[in-house]
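What follows is one structure encoded as structure tokens, with my remarks underneath.
The values are calculated or read from the model by the stated rules, or taken from the named source; none is laboratory data. What you see is a predicted model; the values in this text were computed from it and never measured. Only protein heavy atoms, including side chains, enter the accessible area calculation; ligands, DNA and RNA are left aside. Shrake-Rupley method; radii C 1.70, N 1.55, O 1.52, S 1.80 Å.
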Amino acid sequence: MTELDAVRINFNESGLVFLNILLGLIMYGIALDLRLEDFKLLFEKPRASLTGIISQFVFFPFATYLLLWILNPPPGVALGMLLVAACPGGNISNFITSVAKGNTALSISLTAFSSALAIVATPFNFFFWGNLYPPVQATLKEISLNPWDVFRAILVILLIPIALGLLTQRYLPKITKKIEKPIKILSALIFAAFLVIALAANFSVFLKVINKVFLYVFLMNSTGFLLGYFFAKLMRLDEKDARCISIETGIQNSGLGLVLIFAFFGGQGSMAIIAATWGIWHAIAGITLAWFWSKRTASLGAQAVSKGF
């Protein structure tokens, strides 16, 4: 066992319950802002929608798998990378896409759909690619992790809050208008405070290993942004769509990853640190990329092509 894999994060059961509730609240707040039109866009622009889904749930996990063979990280780090790659898009991707002058409507649609698809895609991708990578096969067998347990956890954390949010905004529009913004602000502040407290409790551990995992996160995150952008261009999508898909591929829901790590992996330190480092870095990298793109007007030359399949 390597030094990284021997690391354990101090995190009690009550903290895990709170993190589950908090992530559910965040997803509920996101769903309050969703409309049926957001899902209709998936069918109105099938080329762009399929490109985004394939980029995120097929090519990005595969690219991460290839990175494992190139970088040969410790098994715990490898598991953390695979889990992050298997997660759906992060909730900040819509804001970042807007700043980047990308297709925000498409971003909202892809985030909503990927969160629902994650119930099946996240456990499938994690176990599929994990079982193809020999250094982590033994670890997966030792944990005896049941994919159905992961399925149920994601169902509770993602799909149920999204469904409740959609029902609220559909049948209680007046209440939705009153609570939508406060819930988003409150959940974001609480989540930030929670991360700060969790980091403070494990600060010495974090400082000790951050330099050993940052390169993995940086290369993986950069691969996600580049893969999404150039795959969209290969599919002859316009610049706005390409920016959106780049961001949707490079911004992952690491909060879900942390919940799964503490729920099923006993706070395995290197996995948790990968997810936590990703959560910090993808926001910094995403906002930096969005600022860069915001200074450059998106070309619409291929827009006519992207409207149809």
Rg and Dmax of segment 230-280, using alpha carbons, in Å: what are they?
-> 15.3, 44
Segment 236-287 to segment 33-101: how many Å between their Cα centroids?
-> 8
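As an exercise, find the ratio Rg/Rh for segment 91-151 from alpha-carbon atoms, using the Kirkwood inverse-distance average for Rh. Kindly include the intermediate steps, with their values, before the conclusion.
Values: Rg = 16.2 Å, Rh = 13.7 Å.
Rg/Rh: 1.18.
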Can you give me the pair-distance distribution of segment 55-198, C-alpha pairs, 10 Å bins, whole percents?
-> 10, 30, 35, 19, 5, 1
Take the solvent-accessible surface of the protein heavy atoms, probe 1.4 Å, and return the percent of it on segment 58-146 that carbon and sulfur atoms account for.
-> 69
